[in-house]
Amino acid sequence: MSNLTQQTILSVHHWTNTLFSFTCTRDLGFRFESGQFTMIGLEVNNKLLLRAYSLASANYEENLEFLSVKVQDGPFTSRLQHLKIGDKVYIGKKPTGTLVVDNLLPGKTLWLLSTGTGLAPFLSIIKDWEIYDRYDKIVLTHTCRFVNELAYKEYITLHLPMHEHIGEIIREKLIYFPTVTREPFQNRGRITELMETGRLFTLLGIAPFSSENNRIMLCGSPNMLRDARKLLNGLGFLEGSNSVPGHYVVEKAFVG
Ligand code: A2P
């Protein structure tokens, strides 16, 4: 347990019957970079179960926030989803991950492409004003099957632009592009298809990807990551890592 601290649940929000988020207290010594993940631990029958979760809160916020699926018979989330205010969870002391801006070469536009709970690390990134200093624009895309799975849509479109400290930079630099694949919505289709056909760039009025100007972070379902990687590699983009920066970086969305 020495790699973990015990924290207290402060709020729980159920978005749908398969998606929820929660906040918990933050250890004073806990530091992380926007985009990283850490371990969450739960005690089940005197055993500790651990899963990786991206931090959805900004690194300067007082509390920690996480976004999770609910898998009905999943050993972890079938329990995690029943968390209540005042319950205890364990939080790993050592955050890590590849979705950090230092793993990218300098560029003009930062694209954050997510599906499902892959949105989580990007919530942390879009609240980090230091990241806006590095780019002219940040484009966040979120693809889900259904409209009600577009978690944080109102927060991103209504609340963040009014944020007392970062509202101005959000209004100037952040573009949010939600898309839905299985029911009618203002934007429809998989992000990979929208990229391939060029519709994404037409709709946003932004020049298509070039490895010279665009930097990309991907987080979501393994199939989306596979297809997007293929597309980007075909355009000559190089994948970055914690040892060598590149044009794009990848993390799978954690499920459990
Ligand atoms: P689709 O509804 O067409 O499968 P999931 O809930 O399965 O994790 O998927 C989340 C979102 O990611 C869905 O909107 C899904 O679209 C989309 N998706 C699934 N596979 C791919 C892929 N290979 N490329 C792009 N998007 C994908």
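The values are calculated or read from the model by the stated rules, or taken from the named source; none is laboratory data. Fair warning: this is a prediction, and the values are worked out from it, not measured in the lab. Each accessible area value is taken on the protein alone, full model and side chains, heavy atoms only, with ligands, DNA and RNA left out. Shrake-Rupley method; radii C 1.70, N 1.55, O 1.52, S 1.80 Å.
Only Cα pairs within less than 10 Å get springs; with that Gaussian network setup on the chain, which residue of Gly205, Gly189, Gly92 has the largest fluctuation? Largest GNM mean-square fluctuation: Gly205. Taking Ser211, Ser243, Ser21 in turn, the Gaussian network model of the chain (Cα-Cα springs below 10 Å) assigns the largest fluctuation to Ser243. Within the accessible surface of the chain, defined with a 1.4 Å probe on protein heavy atoms only, the carbon and sulfur portion equals 50 percent.
Under a Gaussian network description of the chain, with springs only between Cα atoms under 10 Å, the residue in Leu204, Leu123, Leu19 that fluctuates furthest is Leu204. P(r) for region 38-104, from all Cα pairs and a bin width of 5 Å, is 3, 14, 23, 27, 17, 9, 5, 2, 0 %, short bins first. Rg then Dmax, both in Å and based on the Cα atoms of the chain: 17.8, 55. Ranking Trp15, Trp111, Trp129 by solvent-accessible area of protein heavy atoms (1.4 Å probe, all protein chains present), from largest to smallest, gives Trp129, Trp15, Trp111.
Pairs Lys153/Lys173; Lys108/Lys173; Lys230/Lys252; Lys94/Lys153; Lys93/Lys153; Lys70/Lys153: which exceed 21 Å Cα-Cα? Correct reply: Lys94/Lys153; Lys93/Lys153. The equivalent ellipsoid that matches the C-alpha gyration tensor of region 159-256 spans semi-axes of 23, 19, 16 angstrom, in descending order. For the chain, the relative contact order works out to 21 percent when only alpha carbon pairs closer than 8 Å and six or more residues apart are counted.
Please give the direction-averaged projected area of the C-alpha convex hull for region 1-127, in square nanometres with one decimal.
Details: hull surface 33.1 nm².
Result: a mean projected hull area of 8.3 nm².
Largest accessible area first, the listed residues Asp136, Asp227 line up as Asp136, Asp227 when surface is computed with a 1.4 Å probe on the assembled protein chains.
So what is the 222 nm mean residue ellipticity for the chain from helices alone, if each DSSP H run of at least 4 adds -39500 (n - 2.57) and you divide by all residues, rounding to the nearest 500 deg cm²/dmol? If you can, show how the numbers build up before the last one.
Working: 7 runs with 48 residues, N = 256.
Per the formula, -4500 deg cm²/dmol.
Summed over the residues of region 19-97 and divided among them, the accessible surface reaches 47 Å² per residue at a probe radius of 1.4 Å. To the nearest ten degrees, helix 222-234 and the longest principal axis of the Cα atoms of the chain are 30 degrees apart.
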